[in-house]
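Here the structure is laid out as structure tokens; the discussion comes afterwards.
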């Protein structure tokens, strides 16, 4: 049990499980900091997984697949922003609608391209990419610097979002439209534009989160591939109090527990039914939410539509 | 382009909005049918005939509508009070599970006693399952959207465990399914040689009951007041937290009833694929109905017709069945837009300088 935490493979697995969660959580965080809840995440991740995989299967190359998934996510995000930001429709219901639509469009598209296959065709996924020099460091190098490229990307993205949100005018604008859109408008910030932009970019990241599943974690697309990861990202955003670095910490903590349950399943596999291990991540998310919900403070204008010239 | 609020919403607009949404969804999805290579006309004709084209198709559609009415009511009741219950799927299984635990041999009782008992147990299980997130919401301010969603996964895994372990039917040839509901616990059939069962009457009665509660009781008024403005409701002396908890029991109970109705009326035993997403479709039903209980019945029959029709369209033309879900999701988004159009109008003239 104790030696588990000293094994390199445990920490490597933790980072890999965390990668899609980091992309998804940052994507959701961007949307919510701008004041827009995006419940489309589960479906957008499914769409990203399918589109990314399909592009590679059709010969686009792995990075082509990632870009295609990001574009698919952005398109879904554009739809979400058009309905919730421009028209001010219910963010809850629109998001559920986006999830239903993009999940089933992805399945429909998959069935159209591959009508009758029992075992899904595979692609060659991203391999590990050891960073020259750094990967030679004992233990630490093996854990941190022998990862697939998207995992490095996820960590860099945390820094980029963290810097961008707090140290650039654009980041200030995003936070302002999420806290007080009336004041932002008075400052000459285009509220609709900034909110829509944040939703589109955030949704593109969700698409990449899905693409990681088919292009790096697995090598094929299958039904129910996302399996609630999108909802867990939404819980992680709350858990992280809407802050990028805490989101990274939350995703790692969560992925650590997930890696742990996988190991425990191997150790105690016989005694305890596997369903209880699979339940742990969801139970853990609920417990985490209960622990932080009291003191965490959401963006003040989250869920509130903005209408020009109207006070709320 | 300018957007301005309409002063009032006419009844014809309220009725026309869902129709416009549905037509828009069918028009958009015809693009997907073109992709499959079938003719749009032939596909929608097959959908129509498969859904409502014959006496058998009609009874199949009503059979499918039965759980959708109940989950649609569950969502409508919750959303009306702005309790975002996205967990009707889990509550459905909680209800079905409770009925299985009591009804597959644990209790021997005559039908007049056993059936109401199973219904009550299922409603109670569903209600309690939504009661947890509702309690977390009022006590710890935990967002119920995420908790209800996550509970769906937890419940499904719990059912999966029970079906492979303690509840597994030894006669099921290795399939993970529970032992069948006893004959005295099975809901009566409504028509010979169809699958229509007593659950439909139950669902219709529930719709009438909810309509009555909304229209005629203080409780219905309180739920609406909490949904439209909780601060104002609290100011009026309405116990907001208690109303949210009651609402959760009612909403979860309705979804639980859907589970009991499916397991005791249609399938006869619990499996992991008892619901092909009835909980999620319930959200679409409630939105198309604009949360009106009687509208829920109409919307549920419509959505059921799409699903049943799409099954037969898929068999005859080879269009993937996921088309049905795409149509339904598009109809949901279309409904949001068309109900927006009943409240706002767009003026296209340019702004004067």
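The values are calculated or read from the model by the stated rules, or taken from the named source; none is laboratory data. Note that the structure is a prediction, hence the values are computed from the model and not measured. All Cβ positions, even for glycine, are placed from backbone atoms using ideal geometry, and neighbour counts span all protein chains on display.
Observations on the structure shown:
- Of the residues making up the range B:3-23, just one is modelled with pLDDT of 90 or more and either farther than 14 Å from residue B:339 by Cβ or more than 22 Å from the chain's Cα centre (by Cα) (or both), namely B:23.
- Every residue from the range B:26-77 that is part of a helix (DSSP H, G or I), in contact (Cβ under 8 Å) with a residue 60 or more places away in the chain and either within 14 Å of another protein chain (Cβ to nearest Cβ) or on the phi > 0 side of the Ramachandran plot (or both): B:28, B:29, B:32, B:33, B:36, B:43, B:71, B:72, B:75, B:76
- No other residue among A:199, A:237, A:226 is within 14 Å of chain B (Cβ to nearest Cβ), touching a residue at least 40 places away in the same chain (Cβ under 8 Å), in a helix (DSSP H, G or I) and surrounded by 21 or more Cβ atoms within 10 Å (Cβ to Cβ) apart from A:237.
- Residue B:136 in a helix (DSSP H, G or I) and within 11 Å of chain A (Cβ to nearest Cβ): yes
- All of B:149, B:130 fail the test of being at pLDDT 95 or above, assigned to a helix (DSSP H, G or I) and under 30 Å from residue A:237 (Cβ atoms), apart from B:130.
- If you go through the range A:272-303 and keep only what is within 8 Å of chain B (Cβ to nearest Cβ), within 29 Å of residue A:184 (Cα to Cα) and touching a residue at least 12 places away in the same chain (Cβ under 8 Å), you end up with just A:293.
Let's see how each residue does on (1) closer than 21 Å to residue B:28 by Cβ; (2) within 20 Å of the chain's Cα centre (by Cα):
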| site | (1), (2) |
| --- | --- |
| A:76 | yes, yes |
| A:89 | yes, no |
| A:99 | yes, yes |
| A:110 | yes, no |
| A:123 | no, no |
| A:129 | no, no |
| A:138 | no, no |
| A:171 | no, yes |
